[in-house]
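Everything on this sheet refers to the single structure shown next.
Read the figures in this text as sums done on the coordinates, not as results from a lab. Note that the coordinates shown come from a computational prediction; the quantities given were computed from them, not determined experimentally. Neighbour counts are summed over all protein chains in view; Cβ atoms, including those assigned to glycine, are modelled from backbone coordinates with ideal geometry.
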Amino acid sequence: MKPRTWFLLPARTVMLLLFAVPMLIVAAYSLLTRGAYGGQGAPWTLANYARLLDPLYLEILLKSFWIAALATALCLLLGFPLALFIARARTRKTLWLALVTLPFWTSFLVRTYAWMFLLRDTGLINTILLGLGLISEPLPLLYNDAAVVLGLVYGYLPFTVLPIYAVLDRIGPELLEAAEDLGATPAQVVRRIVLPLARPGLLAGAVLVFVPCLGAYLTPDLMGGGKSILIGNVIQNQFTNARDWPFGAALSAVLMVIVMGLLLLVRRKTSEHGGLP
Amino acid sequence: MPLLEVDNVTRRYPGHLAVDQVSFSVEQGQLFALLGPSGCGKTTTLRLIAGFEQPDSGHIRLHGEAITHLPPYERRVNTVFQNYALFPHLTARANVEFGLRHERVRHVGNGPARDAAARVDAVLDLVQMTGKAASRPAQLSGGEKQRIALARSLVLEPDVLLLDEPLSALDPNLRKQVRGELKALQRRTGVTFLMVTHDQEEALSMADCIGVMNAGRLEQTGPPRGLYHRPRTRFVAGFLGAVNWIDGSGVRPEAVHVERDGTQGRDATILAVTFLGNCVHVEAELAGGARMVAEIQNPRSEFRPGDEVRLWWRGEDEMRPEA
Ligand SMILES: Nc1ncnc2c1ncn2[C@@H]1O[C@H](COP(=O)(O)OP(=O)(O)OP(=O)(O)O)[C@@H](O)[C@H]1O
Ligand SMILES: [Mg+2]
């Protein structure tokens, strides 16, 4: 074998064992029949996929897309200015970047509970507002779609800031000065120079947020209460309470195919322009 | 009234005076060169005029009106950056078009009357880049990038074009040629150029007027010949060319004559002779121990180390800087 093949061997093995094999197992499970007391076995069937056509699941799938898209858009909207600020900061860049990644130092679960402590009816915010007499009833801050979006945006914001920062940091300051020199106001510089050059970072950030948001189950479970069920919760439920692994596997497989389709689309969009807009 | 006036401008960085009470003015149609060694504040001066930096004190006026605190996009000056700063995501042509879209903001009178596309065509033709209009900056050579950078600024017909070391990023072989092209371009367009350089030959050959900077201060301003022959400081004398310092006055090597059996001048012994193709450098030691270099274009006789000779120069070739 050539040296190149040897060097790639570990990476290929890892990819095969950790990605390809599990995906094949999921695909296989999705074609099995659920047993009477959980478990699964013969015969092979497509019935699990047929169940997906139920409007109930389509609705949840659509809603999941909508929530993930909204969270992604908000992450980009918040992440871009933040990344721009850090990239343009003359000093303390490392400090700002450290602060962005600081939340990763504690568990996501703990941080989600902290948000719940802030938002629930007897939480900090409502208690203060009630105490000040600004409201007479607690505001419904938790257990709704808005709370889920908030939780997702909070959790995944760093994933947009970092890739956008990486591309912005490479834009030489003289490009921005040149644009201003040619008559562009600061807002026009952002629109005509910074945004187009940041596109690869924006796309990477969007993918890094959208994909996990689409499959999220912890945040909707905790912050959405029972009211905001997303596709991730349905899948989780099949593998736990419902004990219907084949159906859960079918849901996962469909989600996977959709995500891969989207990734391919994004990839074509970026390579079309040679990485540039 | 001068077109551009820099009036007693100072720019301080923490613990460092980058530009120290600099004053000079540039006339309409001139090519003005700011000349000085690395780190003397040339770029900072240019950036103050472009509006990327604000002076701590002093004023900058264009057509007599203060522009000291206007943002860059409201000044009728444009910059050609040292590394050209072309927008990588735009074609050469789109780079040139970039500023035209903002033009009306800058001056109302000259607005959209003339067709933007025709102006871009004309300026691309002027810099001979019509054939490469569709290329991206990454596909252009250094010289081509520079022409696009020039075109991008010239299309806006700036009152003053600021050029920061416009030739330094070019291949040394290309530099002399581009020097002439740049000067011709300036003549043809009639645009006032303010150019920064650390190369005295570049400044002397191209500029109508030179300002010599040293450690943040402007030491002297004047036409190339005046500066070369009548420098006001030792620094200016030395920066513009080689000087022999003798008894407090300076003599340029090319003004020193070497004779084997002359009656005038000072006795000297030749230490070294260097053949340079178009001339010969003769290094000699005077009777008192001082050393001088003479540059001789057409040596009549061949000098050798150890030869006893006489050195002389005209009184009017002696430079007496004040400082
Ligand atoms: N942003 C800055 N912060 C602190 N000091 C600076 C800054 N910009 C420039 N300086 C200092 O100011 C001085 C003048 O810098 P400037 O860039 O104007 O020099 P220059 O004459 O253009 O030199 P060169 O020929 O090397 O380009 C230098 O000593 C430089 O270190
Ligand atoms: Mg400089």
To the nearest 20 debye, what charge dipole does the stretch A:60-174 have about its Cα centre, counting +1 at the Cβ of each Lys and Arg and -1 at the Cβ of each Asp and Glu?
400
So what is the 222 nm mean residue ellipticity for chain A from helices alone, if each DSSP H run of at least 4 adds -39500 (n - 2.57) and you divide by all residues, rounding to the nearest 500 deg cm²/dmol?
-22000 deg cm²/dmol
Where in the stretch B:238-317 are there GluC sites (Glu not before Pro) that are in a DSSP coil and have at most 13 other Cβ atoms within 10 angstrom of their Cβ?
B:Glu302
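Taking the Cα centre as origin and putting +1 on Lys and Arg beta-carbons and -1 on Asp and Glu beta-carbons, what dipole magnitude results for the protein assembly as shown, to the nearest 20 debye? Intermediate values should be presented prior to the final figure.
Numbers: 59 positive and 53 negative charges, 424 e Å.
The dipole magnitude comes to about 2040 debye.
I need the fraction of alpha carbon pairs in the stretch B:1-89 separated by more than 15 Å, rounded to a whole percent. All intermediate terms of the calculation are to be shown ahead of the outcome.
Numbers: 2376 of 3916 pairs.
Every Cα pair in the stretch B:1-89 considered, those over 15 Å come to 61 percent.
Give the percent of DSSP beta bridges with both residues in chain B that are antiparallel, rounded to the nearest 5. Don't skip to the end; give the middle numbers.
On the way: 44 of 62 bridges.
In chain B, DSSP labels about 70 percent of beta bridges as antiparallel.
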On each of the three principal axes of the Cα atoms of the stretch B:4-235, give max minus min coordinate, whole Å, ordered largest first.
50, 41, 32
Give me the angle, in degrees from 0 to 90, between the Cα long axis of helix B:142-154 and the longest principal axis of the Cα atoms of chain B, rounded to the nearest 10.
60
Just need the relative contact order of the stretch B:4-235 here, percent rounded to a whole number, with Cα pairs under 8 Å and 6+ apart.
29
Those lysines that a straight Cα-Cα span of less than 16 Å connects to B:Lys132, excepting residues fewer than 8 apart in one chain
B:Lys145
Between 0 and 90 degrees, rounded to the nearest ten: what's the tilt of helix B:116-126 against the longest Cα principal axis of chain B?
20
What net charge is computed for the residues neighbouring B:Arg304, neighbours being all others with C-beta under 13 Å from the C-beta of B:Arg304, Lys and Arg scored +1, Asp and Glu -1?
-3
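Based on a Kirkwood Rh over C-alpha pairs, give the Stokes-Einstein translational diffusion coefficient of the protein assembly as shown at 25 °C and viscosity 0.890 mPa s in µm²/s. Before the final figure, lay out each step's value.
Working: Rh = 30.7 Å.
Reported coefficient: 80 µm²/s.
With +1 on each Lys and Arg Cβ and -1 on each Asp and Glu Cβ, how big is the dipole of chain B about its Cα centre, in debye rounded to the nearest 20? Present the calculation step by step, with values, prior to reporting the outcome.
Working: 38 positive and 40 negative charges, 209 e Å.
Here chain B has a charge dipole of around 1000 debye.
Provide, as a two-decimal number, the C-alpha radius of gyration of the stretch A:22-124 over 2.2 N^0.38 Å, N being how many residues it has.
After normalising by residue count via 2.2 N^0.38 Å, the value is 1.73.
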Of A:Ala250, A:Cys213, B:Ala92, farthest towards positive along the dipole that unit charges on Lys, Arg, Asp, Glu beta carbons give the protein assembly as shown:
A:Ala250
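Taking Rh as the Kirkwood radius computed over C-alpha pairs, what is the Stokes-Einstein D of the stretch B:154-216 at 37 °C in a medium of viscosity 0.692 mPa s, expressed in µm² per second? Intermediate results must be reported in sequence, preceding the final value.
Details: Rh = 12.5 Å.
Rounded to a whole number, D works out at 262 µm²/s.
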So, over other residues within a Cβ distance under 14 Å of B:Val178, counting Lys, Arg +1 and Asp, Glu -1, the net charge is -1
For chain A, what are the DSSP H helices with axial Cα length of 24 Å or more and mean Kyte-Doolittle hydropathy of at least 0.0?
A:55-88, A:145-169, A:195-214, A:245-272
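Can you give the relative contact order of chain A as a percent, counting alpha carbon pairs under 8 Å and 6+ residues apart? Walk me through the numbers before you get to the answer.
Working: 302 pairs, mean separation 76.7, N = 277.
Reported as a whole number, the value is 28 percent.
For the stretch A:51-272, what does the alpha-carbon gyration tensor say about shape, rounded, prolate or oblate, given a ≥ b ≥ c as the root eigenvalues, a/c under 1.5 as rounded, and a/b over b/c as prolate? Kindly include the intermediate steps, with their values, before the conclusion.
Values: a/c = 2.39, a/b = 1.34, b/c = 1.78.
In terms of gyration-tensor shape, oblate.
If you add up the charges near B:Ser135, with Lys and Arg at +1 and Asp and Glu at -1, over every other residue whose beta carbon is less than 15 angstrom from its beta carbon, what do you get?
Spelling it out: positives minus negatives among the neighbours equals +4.
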